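Quick notes on the structure that follows.
The values are calculated or read from the model by the stated rules, or taken from the named source; none is laboratory data. Only a predicted model underlies this, so the values are computations on that prediction, with no experimental measurement involved. Cβ placement follows ideal geometry from the backbone for every residue including glycine, while neighbour counts extend to all protein chains displayed.
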Amino acid sequence: MPEQLPPDLIEFDTSLPIWDRFFMVAPLVLVGTVEADGRVDLAPKHMVMPMGWQNFIGFVCTPRHRTYQNAQRDRVFTMSFPRPGQLVGTSLSATPRDDGDIKRGLGAVTTFPARQVSGYLVEGAVIALECKLHRMIDGFGENSLIVGQIVAAYGATDSVRDSERDDQEILASTPLLAYLQPGRWAQIGMTYSFPFAEGMKK
Ligand SMILES: Cc1cc2nc3c(=O)[nH]c(=O)nc-3n(C[C@H](O)[C@H](O)[C@H](O)COP(=O)(O)O)c2cc1C
């Protein structure tokens, strides 16, 4: 018999996805790929994380998405981190394609060409990364992990860390966009220095 739960916990049914039952903080990025006919594709992704301390970054996708298909074919993708003021354009990048295979919502986001890979980055983003495909791992249910090696990276001058400016001052003046899955968002401008343990090593 399972042990008794502490009274302040409820158990989730793990035969169903649990992720809609609570909130979780995530980044929100626009992954950029190029369609087979050369058009720009952008798609919002919140299941994103650095893959270790070197310059690798991964996101979760599905083979059903054009992002997956384009990245698999071209072996490259870009990743742009939009600002809170770019939220609507970010969301519209998930507009379903119309009968002519056009994702109309993409018109709300302006892009510029990447320099090291064939692709496009989002104008006005806080961080913009160009990635060569490192690995695609299928098999997380219907999902896949797509990992890129970052071969070029750019940061907006008002947002990058700078020895002349306090970290909190940078975040207060250019707040970060966070996705609170499953369907809320936040602008993070009020932050605190992390209380690292003395002697902590990463
Ligand atoms: C806020 C938000 C977050 C999303 N996060 C993800 C994600 O992490 N992974 C994913 O596969 N799809 C995610 N999606 C869904 C895709 O962005 C959406 O299906 C998109 O239209 C796929 O476009 P594509 O077919 O051009 O790749 C998200 C959508 C929104 C609105």
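Just one of the numbered conditions (1) crowded, with 19+ Cβ neighbours inside 10 Å; (2) of a type in the set (Gly, Ala, Ser); (3) touching a residue at least 40 places away in the same chain (Cβ under 8 Å) is not true of residue 94; which one?
Here residue 94 meets the rest and fails (1).
Tell me which residues, restricted to region 138-176, are β-branched (Val, Ile, Thr) and either more than 18 Å from residue 55 (Cα to Cα) or surrounded by 15 or more Cβ atoms within 10 Å (Cβ to Cβ) (or both). Can you show your working first?
Here is the first cut: in region 138-176, the residues β-branched (Val, Ile, Thr) are 146-147, 150-151, 157, 160, 170, 174.
If the condition is that a residue be β-branched (Val, Ile, Thr) and either more than 18 Å from residue 55 (Cα to Cα) or surrounded by 15 or more Cβ atoms within 10 Å (Cβ to Cβ) (or both), then 146, 147, 150, 151, 157, 170, 174 are the ones that fit.
Given 114, 71, which one is within 13 Å of the ligand (Cβ to nearest atom), small (Gly, Ala, Ser) and surrounded by 18 or more Cβ atoms within 10 Å (Cβ to Cβ)? If you could, list the steps in order and put the result at the bottom.
Values: 114 fails: within 13 Å of the ligand (Cβ to nearest atom).
Selected residue: 71, the only one of 114, 71 that is within 13 Å of the ligand (Cβ to nearest atom), small (Gly, Ala, Ser) and surrounded by 18 or more Cβ atoms within 10 Å (Cβ to Cβ).
Restricted to region 26-67, and to residues that are in a strand (DSSP E or B) and among the charged types (D, E, K, R), which residue is nearest to residue 120 (Cα to Cα)?
Among them, the one singled out is 41.
Would you pick out the residues in region 15-45 that are within 19 Å of residue 118 (Cα to Cα) and free of Cβ contacts under 8 Å to residues at least 24 places away in the same chain?
37, 38, 39
It is to be established whether one or more residues within region 177-198 are surrounded by 14 or more Cβ atoms within 10 Å (Cβ to Cβ) and either charged (D, E, K, R) or in contact with a Gly (Cβ under 6 Å, 6 or more places away or on another chain) (or both).
No, the conditions are met nowhere in region 177-198.
Got a number for residues in region 1-39 being crowded, with 18+ Cβ neighbours inside 10 Å and within 19 Å of residue 132 (Cβ to Cβ)? Walk me through how you get there before you give the answer.
Step one: list which residues in region 1-39 are crowded, with 18+ Cβ neighbours inside 10 Å, which gives 27-34.
Among the residues that remain, those that are also within 19 Å of residue 132 (Cβ to Cβ) are: 29-34.
Count: 6.
Looking at 202, 103, can you tell me which residue is surrounded by 15 or more Cβ atoms within 10 Å (Cβ to Cβ), under 25 Å from residue 47 (Cβ atoms) and among the basic types (Lys, Arg)?
Just one listed residue meets the conditions, 103.
Could you tell me which residue of region 38-52 is farthest from residue 179 (Cα to Cα), considering only residues that are of a type outside the set (Lys, Arg) and near the ligand (Cβ under 7 Å from one of its atoms)? It would help to see each step written out before you state the result.
Step one: filter region 38-52 for residues of a type outside the set (Lys, Arg), giving 38, 40-44, 46-52.
Add one more test, that the residue is near the ligand (Cβ under 7 Å from one of its atoms), and what stays is 41, 43-44, 46-48.
Details: 41: 21, 43: 14, 44: 11, 46: 7, 47: 10, 48: 11 Å.
The residue in question is 41.
Going by the structure shown, is residue 94 within 21 Å of residue 47 (Cα to Cα), of a type in the set (A, V, I, L, M), modelled with pLDDT of 95 or more and in a loop (DSSP other than H, G, I, E, B)?
yes
Which condition breaks for residue 87 when tested against (1) part of a helix (DSSP H, G or I); (2) touching a residue at least 40 places away in the same chain (Cβ under 8 Å); (3) touching a strand residue (DSSP E or B) at 6+ places or on another chain (Cβ under 6 Å)?
(3)
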